[in-house]
Every structure is written in C-alpha cells, then in structure tokens.
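Shown next, in structure tokens, is the structure this report addresses.
The values are calculated or read from the model by the stated rules, or taken from the named source; none is laboratory data. Values in this document were obtained by computation on a predicted structure and should not be read as measured data. When we count neighbours, we look across all protein chains shown, and the Cβ atoms used for this are built from the backbone with ideal geometry, even at glycine. Surface areas here come from the heavy atoms of the whole protein model, side chains and all, with no ligands, DNA or RNA. Shrake-Rupley method; radii C 1.70, N 1.55, O 1.52, S 1.80 Å.
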Protein chains: 2
Amino acid sequence: MCEANAYFKSNGQEVLFMESVDVIEPYEDGLKLVDIFGRQKFVKAQIKDMTLLNHRIVLEEKIEAKSDTL
Amino acid sequence: MCEANAYFKSNGQEVLFMESVDVIEPYEDGLKLVDIFGRQKFVKAQIKDMTLLNHRIVLEEKIEAKSDTL
C-alpha cells in the first residue's frame, strides 16, 4: 500500500497530522486530505515537501501572498 | 515501490509529464519533481489532485492570484 503519513511542520517541529493518507487536493485556501478509510481532514496548509518512497508528506502553514505595503 | 506518475492537465486533456516521481516540493512559483532515478523537472504548476494508492498526481497550470482591477 502506498499511502503516506502527513506531518505538520511548525516552529521546526513536525507533528503527525494524519496517517495513511491516500488523496490530497486543494480545498478552498488549504488542502483536503482523505485517508485510506475515507476519513477527511481539512487544513489551511500547503505542501512543504513530499517523498513518496518514504511515505511522507510534510505540510506547513500557508504562506499568504506577500504584501508590498509598508 | 510507491512512486507515482505525474500528469499535466490542460484543456481537459491529461498528458503524462513525468514517470516514477518520488519527491515533490515547491520551487519558486511552481514545483520541483524528482523521479526515482534522481532526474529533476521544474514546472510552473500546482497540484490539482493526487491519489497515492493509484500512483497518480495531476498537475494543472498555476492559477494566478485574482486581480480585482476591472
């Protein structure tokens, strides 16, 4: 099985967010994750990196578009 | 092995973009993909959806931030 575990990285720490993730897709301003049991989680995050052979997805807080205002 | 094939979706058609993808991470205003042989491809795209059990990643053209100007 090729599901992966998703970790949320914050302040240098990686915390397990969801195990056995199958589906990832954009949802509103973040992501929808669905595990192999069909459970869904929504998170305001973006993919930081992903290594499929390691079954590992790292999420991070979504970086808002930069503002040019001072 | 849990690598996936990446397809680029454009005008309703999905075209194989890269086989045996291992790593995906953001790169500048798009994505960097690395296959199991270490070959890299860069693409100005975002993930449309991904199903790991199907070894399938669908990319689409990056949608620019909406402009409110008329």
Practice task
Output the relative contact order of chain B, whole-number percent, from Cα pairs under 8 angstrom with separation of 6+ residues.
Solution key: 30 percent
Handout entry: Rh by Kirkwood over Cα pairs, then Stokes-Einstein D for chain A at 1.002 mPa s and 20 °C, µm²/s
Key = 170 µm²/s
Problem - Net charge over other residues, Cβ less than 15 angstrom from the Cβ of residue A:7 (K, R count +1; D, E count -1) - result: -4
Fill in the blank from the handout: Ordered by number, the trypsin sites (Lys or Arg not before Pro) in chain B that occupy a DSSP loop and have at most 16 other Cβ atoms within 10 Å are B:39, B:44, B:62, B:66
Exercise for the section: Might you report the magnitude of the Cβ-based charge dipole of segment A:1-69 about its Cα centre, with Lys and Arg at +1 and Asp and Glu at -1, to the nearest 20 debye? Expected result: 80 debye
Practice task
Would you mind working out the magnitude of the charge dipole of the protein assembly as shown relative to its Cα centre, with +1 at each Lys and Arg C-beta and -1 at each Asp and Glu C-beta, to the nearest 20 Debye?
Solution key: 60 debye
Fill in the blank from the handout: Filtering chymotrypsin sites (Phe, Trp or Tyr not before Pro) in chain B by DSSP loop and by at most 16 other Cβ atoms within 10 Å leaves B:37
Exercise for the section: May I ask you to report, in nm to one decimal and beginning with the shortest, the distances from residue A:27 to the same position in the other copies, taking label points 7 Å along Cα-to-Cβ? Expected result: 2.9
Fill in the blank from the handout: For the axis mapping B onto A, the chain B residue whose beta carbon sits nearest, plus its rounded distance in angstrom, comes out as B:2, 2
Handout entry: residue A:47 - accessible surface, heavy atoms, 1.4 Å probe, Å² rounded to 10
Key = 20 Å²
Practice task
For the pairs A:62/B:48; A:32/B:9; A:32/B:41; A:62/B:41; A:9/B:44, note any where the Cα-Cα span goes beyond 21 Å.
Solution key: A:32/B:41; A:62/B:41; A:9/B:44
Handout entry: Cβ-vector label at 7 Å, residue B:14, separations to other copies in nm
Key = 2.8
